[in-house]
Amino acid sequence: MTKKSRFYGRYAAVGVLTVTTVLAGCAAVQTTGSGAVGVERKQYMSGLVSEAALQQEAAQQYTSMLSSAKTQGALDANSAQTQRVRTITQRLIKQVATFRPDAANWQWEVHVLSSNDVNAWCMPGGKMAVYTGLISKIQPSDAELAAVLGHEIAHALREHSREQVSQQMAANIGLSVLSAITGSQATSDLGGALSEVMFTLPNSRTHELEADRIGVELAARAGYDPRAAVTLWQKMGALGGSSQPEFLSTHPSAASRIADLTQAAERVMPLYRQAGGKG
């Protein structure tokens with residue numbers, strides 16, 4: 001091994017140790033109850049990223065986005081469409097206490113934004129949006145729309161955004177220290193690739209599976225057929241070219257997703273029947 005190799009090898013180890021040390025400062029938390037679907041993974045959150053601060057930032061961004069959409073005439077342009085989304089959302093929100101009681105007191109809000117994108121989201125604290133492209137291109141049934149909304153609500157309940165921010169902060173702090181020590185831009189690029197493999201891809205897939213499972217249970221408890229989640233994602237996957245939802249690029253493969261959704265839906269069918277559903 002050359003002297004230069006030993007130098008970079010030694011400080012690469014220092015960088016990894018630094019990232020590990022910062023991660024060790026994150027507290028293990030359980031954001032939600034496991035529910036009937038059994039989501040029990042422990043999460044690690046940095047004390048530098050508080051739930052309250054993230055919710056406040058989300059609320060500010062949401063207000064700004066709504067103001068911009070209103071100016072463009074793209075906010076809740078179709079009253080019947082908006083009412084449909086809100087009715088389904090309210091039924092789902094009534095079930096969130098099953099996973100975390102405090103979420104029942106969040107300042108929930110949902111709007112329909114005019115956009116060709118096939119998308120929907122829920123920010124920390126319950127600020128939600130559905131794009132008209134999802135409704136027009138997917139043409140979801142109420143149960144399928146409940147699957148989308150339940151999935152997005154689940155992301156917020158599990159605080160996946162906060163978890164990702166915590167991990168990114170840990171990685172960035174470690175990489176900054178390592179780059180300062182070595183003065184090497186290449187080291188930062190390597191660290192970025194390592195960070196993507198360790199955090200972005202695995203956690204993204206994990207987050208999506210958790211959101212799928214919790215979303216299915218929320219829908220079932222709200223009286224929507226949980227099996228609609230399967231047909232929904234089949235429709236999503238069938239969209240081709242530029243119409244395909246961007247968020248599918250980081251989701252699990254279609255086959256594994258459908259298999260997992262089918263199993264989760266079967267598990268919560270008794271809850272659906274208890275809520276008055278048939279089938």
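At-a-glance table
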{"item": "Efficiency of FRET from Cβ geometry, residue 121 and residue 72, R₀ 25 Å, rounded to 0.05", "result": "0.85"}
{"item": "Subset of 70/137; 42/235; 235/278 violating a 28 Å alpha-carbon distance limit", "result": "42/235"}
{"item": "FRET efficiency, residue 102 to residue 48 (Cβ-Cβ, R0 25 Å, nearest 0.05)", "result": "0.70"}
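Any read-out appearing in this document is the output of simple, stated calculations on the displayed coordinates, not a laboratory observation. Predicted model, so just to flag it, every value in this text is computed and none were measured. Note: ideal-geometry Cβ built from the backbone for every residue, glycine included; neighbour counts use all protein chains shown.
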